[in-house]
1. Take Asp262, Asp5, Asp254 and order them by how many other Cβ atoms sit within 10 Å, fewest up front.
2. For the residues Val108, Val161, what sequence is obtained by ranking on other C-beta atoms within 10 Å, fewest first?
3. Can you classify the stretch 157-197 as rounded, prolate or oblate using the Cα gyration tensor, where a ≥ b ≥ c are the square roots of its eigenvalues, rounded means a/c under 1.5, and otherwise it's prolate if a/b beats b/c and oblate if not?
4. Which residue, Met237, Tyr215, Leu276, has the largest displacement toward the positive end of the dipole of the stretch 206-277 when charges sit on each Cβ (Lys, Arg +1; Asp, Glu -1)?
5. Within a 10 angstrom radius of the beta carbon, how do Thr18, Thr6, Thr126 rank from fewest other beta carbons to most?
6. Is the shape of the stretch 1-117 rounded, prolate or oblate, going by the alpha carbon gyration tensor and its root eigenvalues a ≥ b ≥ c, with a/c under 1.5 for rounded and a/b larger than b/c for prolate?
7. If you take the square roots of the eigenvalues of the alpha-carbon gyration tensor of the stretch 196-288 and sort them as a ≥ b ≥ c, do you get rounded (a/c under 1.5), prolate (a/b over b/c) or oblate?
8. Compute, for the stretch 1-72, the length of the dipole vector about the Cα centre, with Cβ point charges of +1 (Lys, Arg) and -1 (Asp, Glu) only. Units Debye, rounded to 20.
Amino acid sequence: MLAVDTGVVEEWLSEFKTLPEASISSYATSLKDKSALISSLYKVIQEPQSELLEPVCHQLFEFYRSGEKQLLRFTLQFLPELMWCYLAVSASRDLQSSGCIEALLLGVYNLEIVDKEGHSKVLSFTIPSLSKPSVYHEPSSIGSMALTEGALSQHGLSRVVYSGPHPQREMLTAQNRFEVLTFLLLCYNAALSYMPAVSLQSLCQICSRICVCGYPRQQVRKYKGVNSRIPVSSEFMVQMLTGIYYAFYNGEWDLARKAMDDILYRAQLELYPEPLLVANAIKASLPQGAMKSSKEGTRCIQVEITPTSSRISRNAVTSMSIRGHRWKRH
């Protein structure tokens, strides 16, 4: 790590401590434009033996619990890199080097599982019915569903999936590690539209590394450093794919494609049905050529909207045309 990077990080550490409360909002807004600082912080996180790692993790946690949304998102952008560093150190069994990173990850997790009053959060998601229109489809495009649609509308059938409440954790173990990391990646994915390009690049790269380390493909990718296999859960891989899918349409096509191929490779080795299903669905939906997306401005996932008006061919065979044909005089 260069002396210039060290100086930038040390200045950042001291700057926030002396900042008056009235200036926090404007300070938080200006952070996203400090590319030199963000680059230096990535270098600190990537060096587990760095003396600056502990104060950096402490300050990132202070940002997260400050309640300022811009500071919270500033910390979130480093989450993929922090996860990779923790998993890499855990794979090498040098747990002492990951102590401050583990504390930061646990701190963010314990803050996210409760609301402002300190009560446990329960997340819910209503699975949409195919009989109801959405941005993804029109019921008319599926076929004649008038009777089924009416029956379902009357009964109001819906399926709600709940997540939580999640227990607080005091330490990461082999048993709860991916339960915590999966939830953290879910929080990161919820803020994807605010993440800068460097964070999306980090996400794609760490997904590839996690999936191929210790396997023959690691030699193809030429990844060095960690040669041990890193265990992953099916749920964690699905959250990986959620972020990768967003990266495809937001300027990181090449990295996202490589990451998705590596996730699919690992899912096939582990025989995990959920990530296999999601990865193949994403792969089938991708356009043939690389997407050219601006790295600036509003970001979104592109969706092809089905026309709302039903298109009936003028030459379609109907009961009226059949009767007309039957009684037509030749």
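FYI, it's all coordinate maths here, none of it is from the lab. Computed from a prediction, not measured in an experiment: that's the story for all the values here. In this analysis, Cβ positions are derived from the backbone assuming ideal geometry, glycine residues included, and neighbour counts consider all displayed protein chains.
1. On the way: Asp262 24, Asp5 18, Asp254 11.
Lowest to highest Cβ neighbour count: Asp254, Asp5, Asp262.
2. Numbers: Val108 24, Val161 9.
By the 10 Å Cβ count, ascending: Val161, Val108.
3. The shape class here is oblate.
4. Final value for the positive-end residue is Tyr215.
5. Listing Thr18, Thr6, Thr126 from fewest to most nearby Cβ atoms yields Thr18, Thr126, Thr6.
6. Verdict is oblate for the stretch 1-117.
7. Here the stretch 196-288 falls in the oblate category.
8. On the way: 6 positive and 11 negative charges, 56 e Å.
That gives the stretch 1-72 a dipole magnitude of about 260 debye.
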